[in-house]
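Each remark here refers to the structure printed beneath this line.
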Amino acid sequence: MNSNNPIFQLKGIVPPMITPLTDTDTLDVKGVNNLVEHLISGGVSGIFILGTTGEAQHLSINIKKELIKHTCLAVNGRVPVLVGITDTSVYESIKLAEFAAEYKAAALVAAPPYYFALGQPELIEYYELLADKCPLPLYLYNMPSHTKTMIEPDTVLALSQHKNIIGLKDSSANGVYFCKLLTLFRDHPEFGLFVGPEEMMASVVLVGAHGGVSGGANVYPRIFVDVYNAAAEKNVDKTIELQDKMMAVSKELYGIGRFGSSYIKGIKTALALKGICSDFLAQPFNLFKDPEKEKVKSAVAKLDNLLK
């Protein structure tokens with residue numbers, strides 16, 4: 001068990017930052033700087049780039065490197081930067097990890113290689129190779145809906161023995177699975193357990209999770225931080241009160257339009273309306289048209305009033 005990792009012990013809200021773009025292969029650098037300041041001023045504990053919300057699988061290697069560089073420079077050591085290195089080639093992941101280390105990122109995050117589903121023995125060998133070769137600590141990323149591979153609890157336990165594997169982000173939305181992990185690691189609180197779906201963040205933090213990788217925190221970081229703090233302090237009444245407000249973010253922003261990307265479109269459009277960054281999405285995604293943008297505008301006005 002990796003009980004004394006000297007790097008850091010991360011807890012709290014770590015937003016999966018969107019990737020500000022001006023077109024599919026041009027980074028919105030000013031937007032990156034604005035968004036970093038917005039997140040840090042909102043009290044987040046870290047920033048995770050190049051995840052699902054960051055459209056990582058649609059981005060060129062050049063854009064990925066530009067995002068790593070400009071995010072790390074903008075953060076300037078104020079909070080840890082976690083960099084997604086998920087790829088179908090382990091050596092492409094390693095090269096990106098090495099680049100992230102050059103810019104002083106704090107840790108890496110990797111989901112299983114997608115396309116072919118992996119068996120659990122293959123998964124263990126894959127992550128051990130990745131952890132051996134990467135220059136930064138590594139978080140596992142369980143995202144079975146997109147990768148077709150579930151990182152089973154016993155596999156997580158086996159991989160936690162590796163000195164460079166320090167935690168897991170779970171985006172399965174499977175509460176039974178996550179509670180099994182919490183029980184398995186009850187006596188090893190140094191192994192970080194973070195949940196992706198923000199709707200279940202408060203409940204799992206109340207029973208021991210380390211925090212949430214909450215997409216809505218891109219737009220409204222403070223409410224997510226407040227919910228996390230109330231849950232971490234075991235203040236159930238306050239958690240329930242704030243949870244109702246936090247749930248309004250997903251209710252109002254994520255279901256506009258009938259797209260698999262509606263969640264990301266809603267977040268990016270809201271950020272553009274707030275003047276933080278462009279709302280451009282990388283191909284094959286596209287921008288909301290005017291009718292959807294009007295719905296986001298109404299949602300943002302409603303949320304601004306609720307969360308002020």
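The values are calculated or read from the model by the stated rules, or taken from the named source; none is laboratory data. All values reported here derive from a predicted model rather than from experimental measurement. When we count neighbours, we look across all protein chains shown, and the Cβ atoms used for this are built from the backbone with ideal geometry, even at glycine. Remember, those area values only see protein heavy atoms, side chains included, never the ligands or the DNA or RNA. Shrake-Rupley method; radii C 1.70, N 1.55, O 1.52, S 1.80 Å.
Leaving out ligands and nucleic acids, note down the accessible area per residue over the chain with a 1.4 angstrom probe, in whole Å².
It amounts to 42 Å² per residue over the chain.
Can you give the accessible area of S298, probe radius 1.4 Å, in Å² rounded to 10?
80 Å²
Jot down the per residue volume, in cubic angstrom and as a whole number, of the convex hull over the alpha-carbon atoms of the chain.
Once divided by residue count, the hull of the chain is 117 Å³.
Pull out a ≥ b ≥ c, the square roots of the eigenvalues of the alpha-carbon gyration tensor of the stretch 1-110, then state rounded if a/c is under 1.5, prolate if not and a/b is larger than b/c, and oblate in the remaining case.
Oblate is the answer for the stretch 1-110, as a/c is 1.5 or above yet b/c matches or exceeds a/b.
Highest mean first, how do 212-219, 288-295, 72-79, 109-116 rank when packing is the count of other Cβ atoms within 10 Å averaged over residues?
With the highest mean Cβ count within 10 Å placed first, the list reads 212-219, 109-116, 72-79, 288-295.
For the stretch 43-175, which whole-number percentage of the solvent-accessible area (1.4 Å probe, protein heavy atoms only) is attributable to carbon and sulfur atoms?
Here carbon and sulfur together make up 52 percent of the probe-accessible area.
In nm, what is the difference between 0.36 nm times the number of residues separating S298 and F116 and their Cα-Cα distance?
61.4 nm
If each residue of separation counts as 0.36 nm, what is the full-extension length gain between L184 and A101 once their alpha-carbon separation is subtracted?
Length difference between fully extended and current span is 26.8 nm.
Taking the Cα centre as origin and putting +1 on Lys and Arg beta-carbons and -1 on Asp and Glu beta-carbons, what dipole magnitude results for the chain, to the nearest 20 debye?
With Lys and Arg at +1 and Asp and Glu at -1, about 660 debye.
Once each part is reduced to its C-alpha centroid, what is the distance from the stretch 164-191 to the stretch 213-238 in angstrom?
Taking the Cα centre of each part, the stretch 164-191 and the stretch 213-238 sit 19 Å apart.
Go ahead and run the numbers for FRET between L307 and K234, Cβ-Cβ distance against an R0 of 25 Å, rounding to 0.05.
0.60
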